[in-house]
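Input: a single structure, listed below in structure tokens.
Nothing in this text is a laboratory measurement; each read-out follows from the coordinates by a stated rule. Since we're looking at a predicted model, the values are computed, not measured. Reconstructed Cβ throughout: ideal geometry from the backbone, glycine too, with neighbour counts over all protein chains shown.
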Amino acid sequence: MKVAIVIDALNQGGAERQVLNTTWALAKKGCQVELIHYYETDTARAGYDHPAFREARVTCIPKRGRPFLFLWRLSRHLRRGRLDIVHSFK
């Protein structure tokens, strides 16, 4: 099963930790997981050393204040990925 998880950024916080735990658990169950974020973050600088980063593909689709262009890029990326599930966090 191919799953994409979308979140705004990968800063340290509760939602971000939940995303990483979910990503890791799905990957351990055999799912192909892609973690998509749209605010650029240096995960090493944020203090993350989570096994989810080794198990999942991490993609940044920058938003940069252009919401319509971002939505077009995100939808194109999701269509090309032929995903079974897209789960988003805010």
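Observations
- The chain: calculated mean residue ellipticity at 222 nm from DSSP helix runs of at least 4, using -39500 (n - 2.57): -11500 deg cm²/dmol
- Within the chain, percent of DSSP bridges classed antiparallel, to nearest 5: 0
- Across the alpha-carbon set of region 48-90, the Rg to Rh ratio works out to 1.01, Rh being the Kirkwood radius.
- Of Gly13, Gly30, Gly65, the residue with the greatest mean-square motion in the GNM of the chain, using alpha carbon springs below 10 Å, is Gly65.
- Förster-model FRET efficiency, 22 Å R0, Ser75 and Ala15, C-beta, rounded to 0.05: 0.45
- At R0 = 35 Å, FRET efficiency that the Cβ-Cβ distance of Phe89 and Arg66 yields, to 0.05: 0.95
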